[in-house]
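Sending over a structure as structure tokens; questions will come in a sec.
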There are 2 protein chains.
Amino acid sequence: MNLILIHPDELTADGRAHISDVRAKHIRNILRAKPGKKLRIGLLNGPLGTGAVDVVSPEKVVLTCSFEAEPPPRPSIDILLAMPRPKVLKRLWAQFAALGVGRIFITNAEKVERCYFDTHILKPDFYNARLVEGLQQARDTLLPEVVVVKNLKQFLENEPFPMVGRKRLADPSGTRTIFQTLEDDAESTSRILLGIGPEGGWMPSELDLFRAHHFEIIGMGSRILRTDTACIALISMLAEARRMGV
Amino acid sequence: MNLILIHPDELTADGRAHISDVRAKHIRNILRAKPGKKLRIGLLNGPLGTGAVDVVSPEKVVLTCSFEAEPPPRPSIDILLAMPRPKVLKRLWAQFAALGVGRIFITNAEKVERCYFDTHILKPDFYNARLVEGLQQARDTLLPEVVVVKNLKQFLENEPFPMVGRKRLADPSGTRTIFQTLEDDAESTSRILLGIGPEGGWMPSELDLFRAHHFEIIGMGSRILRTDTACIALISMLAEARRMGV
């Protein structure tokens with residue numbers, strides 16, 4: 001926990017936050033903070049800031065909070081992920097938030113088992129807690145938006161969410177690397193949407209559908225990676241490209 | 001399991017392999033292979049090949065094996081990792097092998113708890129099984145070499161293992177990305193050694209030591225990632241750079 005994230009509801013009118021969960025435990029037992037100590041804090045979906053410890057008791061921690069003027073910039077990477085096995089997605093939520101993604105579209109696909117969607121892993125209470133964990137790891141405040149897509153075709157056709165910018169789809173058939181495709185075009189400041197397939201890959205008809213919606217297919221070489229490894233690899237490469245201005 | 005990896009000891013003089021563990025179960029229950037079916041196989045630390053199914057019984061599977069002339073190329077990436085919490089390393093072994101690393105040096109560091117080294121996770125029987133799992137995922141045959149380093153200073157001074165080629169060290173103080181440092185120099189075909197610090201980072205004296213041994217410090221931006229996420233991110237970026245010939 002490299003940042004204590006405060007929920008807007010926890011802030012009182014005089015700018016204090018009363019905390020009593022795992023964050024309080026972390027402040028007491030790991031940071032061993034005494035009154036007066038200043039901690040890195042953030043306001044969920046708001047700015048970063050500083051929290052001065054007022055009270056540390058077994059029941060709660062009270063911080064006096066001050067925040068920067070502006071929230072950090074929203075990550076410009078969105079992902080469209082074919083629903084993986086719930087066990088895999090469970091571990092991925094925090095990683096997505098830590099690596100920095102703006103929106104997470106979880107989609108159906110032909111090779112996705114239908115029963116995967118009947119899981120508590122897709123309940124907002126569950127994933128928001130994991131996302132917050134990732135934000136606190138990476139010192140970010142902006143909760144990724146999660147959208148569950150039951151019909152991929154309809155989703156791509158309607159584009160109910162603005163999917164402006166560049167679109168890439170990871171598939172073993174891709175011969176160019178994600179960096180190579182990014183270096184080619186000049187829209188480097190626009191958002192990017194990255195599609196990642198199910199174990200077993202996309203079906204040919206799905207690949208055609210993505211191509212029809214202007215997704216460029218990218219590859220990662222001959223090694224076949226697990227979904228979670230591929231997600232971390234691809235998102236971190238996109239983030240690196242952004243740091244380099246590509 | 002995208003490849004069935006055969007141990008040289010399992011090969012009989014007539015080129016057949018008798019298998020009876022989790023691989024046999026995979027062939028029976030997931031691949032549902034019948035006699036005559038050809039499977040992707042590999043010889044541990046040897047070439048890739050094809051295994052024709054001869055026998056499928058509840059007790060065993062027998063394959064007639066044929067192999068390519070040459071083993072796949074050894075990955076040109078080595079990593080030097082400050083010993084993470086055993087729970088984290090446990091999950092990482094398979095990922096290292098799947099992403100493709102040649103050698104894994106697990107080192108002590110000032111911020112590493114000494115007790116971390118007293119764990120079965122560092123026993124060859126344990127990690128080799130996990131590494132084989134990663135190889136079977138990624139369709140590779142070359143088992144990474146694992147070396148446990150108890151004294152980092154001595155290790156760097158003696159260089160008992162040839163650490164030719166480029167050396168990079170990931171640290172939040174690094175201002176250049178790994179790609180930027182790779183694009184700068186012309187040794188693109190040489191091996192690369194990547195150092196990754198403990199949670200809490202390297203101490204200033206350790207950073208000095210690495211600099212004295214010609215490690216260039218690289219950064220990953222302002223987000224603080226968990227060790228396992230950082231490892232996957234950095235190794236996949238290096239692999240991507242290699243695919244691009246950087």
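Quick note: the coordinates plus some simple rules give every number you see, no bench work behind them. Just so you know, these numbers come straight off a predicted model, no measurement behind them. Quick reminder, even Gly has a Cβ in these numbers, built from the backbone with ideal geometry, and neighbours come from all protein chains shown.
How tilted is helix A:124-138 with respect to the longest principal axis of chain A? Cα atoms for both, answer in degrees (0 to 90, nearest 10).
80 degrees
Residues with beta-carbon under 10 Å from that of A:LEU48, excluding A:LEU48: net charge, scoring Lys, Arg +1 and Asp, Glu -1?
-1
Counting only other chains, what is the mean number of Cβ atoms within 10 angstrom of the Cβ of each residue in peptide A:14-25?
So the per-residue partner count for this stretch is 0.
Per residue of A:75-86, how many C-beta atoms from partner chains lie within 10 Å of its own C-beta, taken as a mean?
0
Past the 16 angstrom mark, what percentage of all C-alpha to C-alpha distances in the range B:56-151 do you count?
60 percent
Give the separation of the Cα centroids, the range A:195-227 to the range A:79-138, in Å.
Answer, in whole Å: 19.
Let me ask something additional. Nearest-5 percent of antiparallel DSSP beta bridges in the protein assembly as shown?
40 percent
Please report the antiparallel percentage of DSSP beta bridges with both residues in chain A, rounded to the nearest 5.
Restricted to chain A, the bridges split so that about 40 percent are antiparallel.
Moving on. Express the relative contact order of chain B as a whole percentage, based on alpha carbon pairs under 8 Å and six or more residues apart in sequence.
20 percent
Next up: Quantify how strongly other chains surround peptide A:89-97 by giving the mean number of their Cβ atoms within 10 Å of each of its Cβ atoms.
1
A further question on this structure: Compute the Rg to Rh ratio over the protein assembly as shown from the alpha carbon atoms, using the Kirkwood formula for Rh, and round to two decimal places.
0.98
So what is the orientation-averaged projected area of the range A:4-67, using the convex hull of its C-alpha atoms, in nm²?
3.7 nm²
Starting from the 7 Å offset along Cα-to-Cβ, what nm value, one decimal, do you get for the label separation of A:SER20 and A:GLN154?
For A:SER20 paired with A:GLN154, the spin-label model returns 4.3 nm.
Same structure again: With the cut-off at 1.5 for a/c, could you classify the range A:77-243 from its C-alpha gyration tensor as rounded, prolate or oblate?
rounded
Less than 19 Å apart at the alpha-carbon level, and either on another chain or at least 8 residues along: which lysines does that give for A:LYS153?
Answer for A:LYS153, where 19 Å is the Cα cut-off: A:LYS111, A:LYS167, listed by chain and number.
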